[in-house]
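Notes to accompany the following structure.
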Amino acid sequence: MITLGVLSFSQPTSYLTKIAEHAAKNGVMMCIISPTQLTESKSHVSGLMYTSDKKEWKDATFPIPSFIYDRCYYGTKKAQLFKTGADSLKLQENVQFLGYGLPNKWDVYNKLSSIQEIQPFFPLTKKLTSVTFFLSHFRLKDSWLIKPINGSQGRGLIKVERIEGQYIVKEVVQPGESLYIFKTDHHLKKWLHSRMKISEYIFQPFLPLQNKKHVPFDLRIFLQKNEDGNWTERVRCIRTGPKSHITSNLAGGGEMLPFSVITQGLQRAKREELEKKLQVIVEHLPSAIDQSISPLFELGIDIGIDPDYNLWILDINSKPGHKIVTMASPSVQAEIYEAPSKYCMYLSSIKR
């Protein structure tokens, strides 16, 4: 029997339980392992095993599963301590991860932005090597967005806007934002230096990605590989954020809306043009990641839509959140829940 191990720092969620239920129907046994347990033994590990007859999780010790679905975020210092355990699993010949994750945002940009089909959708992006280098870009534009290269859920985003010689700075601290005003280059430099000691950053032009009511929004497209190993779009939705905020991330208090809120009222030609551009991204971006970076199983693509309906790839997530699943129809939700076990079966058939 195929065993699928889910790496997770938390207790079983209803989402993971539904995956386990569908896995059992496909003859795949599922267990949950905390990375904190991976240092004990190389061949066996303790965790939770799903029992299909009782429909519950029970404590158990079992051999390291052949397939691993890593749902952990290693962004904090505490989580980083246990990342080595997950990395050591990747080196074992008899263990295969469903997806091998993505490097930092700067590496992802460098690998993907030169690919002809999707190059037009990437905003100009620079590495924040010094504050002086950053400030030199205000000759080109008065508003810039700084992103932590290892950030997630919008945390740590910094918008810097120059108005009448002074700098208006907003920093995302989830669920809110902090506001700073610096009257000179020197004061901004000092503040940014303090941030650069903690994190590395990239920066991009701040794009006008708000609606007419100044509500930020973006488009999230959720994709998975199917039972044949091919990328399949499962669901898409619009995510909004609080009025006048930088980000539309759900962690910051945003909400999900159907994609139709963007297309309704659009002229047919404009709607078809928008859909055509989206299909280019959906068709070329996932395969480019598999070929240029590392194989993945699922993907969340965040796309900005500006007032002229230009599309901008804002972020790419190898471990996307699953709130968006609720926006899918019941039949598509079932496909999403059974995708991990079916992809395991596909990988197993390739091994044979």
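The values are calculated or read from the model by the stated rules, or taken from the named source; none is laboratory data. Because the structure is predicted, anything quoted here is derived from the model rather than measured. No Cβ is skipped: glycine too gets one built from the backbone with ideal geometry, and neighbour counts run over all protein chains shown.
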>> Let me spell it out: the conditions are (1) free of Cβ contacts under 8 Å to residues at least 40 places away in the same chain; (2) in contact with a helix residue (DSSP H, G or I) (Cβ under 6 Å, 6 or more places away or on another chain); (3) not assigned by TED's automatic domain parsing to the domain that holds Q153, and F182 meets all of them except one. Which number is the exception?
In response: (3)
> What strands (runs of 3 or more DSSP E) lie completely within region 133-192 and have 3 or more residues being surrounded by fewer than 15 Cβ atoms within 10 Å (Cβ to Cβ)?
Replying inline: 177-182
> Among Q11, Q37, which is the only one that is under 23 Å from Q333 (Cβ atoms) and either surrounded by fewer than 18 Cβ atoms within 10 Å (Cβ to Cβ) or of a type in the set (A, V, I, L, M, F, W, C) (or both)?
Replying inline: Q11
> Of the residues A86, A79, which is in contact (Cβ under 8 Å) with a residue 60 or more places away in the chain, more than 23 Å from K18 (Cα to Cα), within 26 Å of the chain's Cα centre (by Cα) and buried (at least 16 other Cβ atoms within 10 Å of the Cβ)?
Replying inline: A86
> Residues L274, L347: which one is outside the structural domain of T247 (by TED's automatic domain parsing) and aliphatic (A, V, I, L, M)?
Replying inline: L347
> Is there a residue being in a loop (DSSP other than H, G, I, E, B) and within 20 Å of Y201 (Cα to Cα) anywhere in region 89-101?
Replying inline: yes
>> For region 200-229, give me each residue that is of a type in the set (A, V, I, L, M, F, W, C) and closer than 27 Å to F138 by Cβ.
In response: I202, F203, F206, L207, L209, V215, F217
> Of the residues that sit in region 138-181 and are in contact with a Ser or Thr (Cβ under 8 Å, 6 or more places away or on another chain) and on the phi > 0 side of the Ramachandran plot, which one is modelled with the highest pLDDT?
Replying inline: G156
>> Quick check on my filter: what residues within region 323-334 are touching a residue at least 12 places away in the same chain (Cβ under 8 Å), surrounded by fewer than 19 Cβ atoms within 10 Å (Cβ to Cβ) and not basic (K, R)?
In response: V325, T326, A328, V332, A334
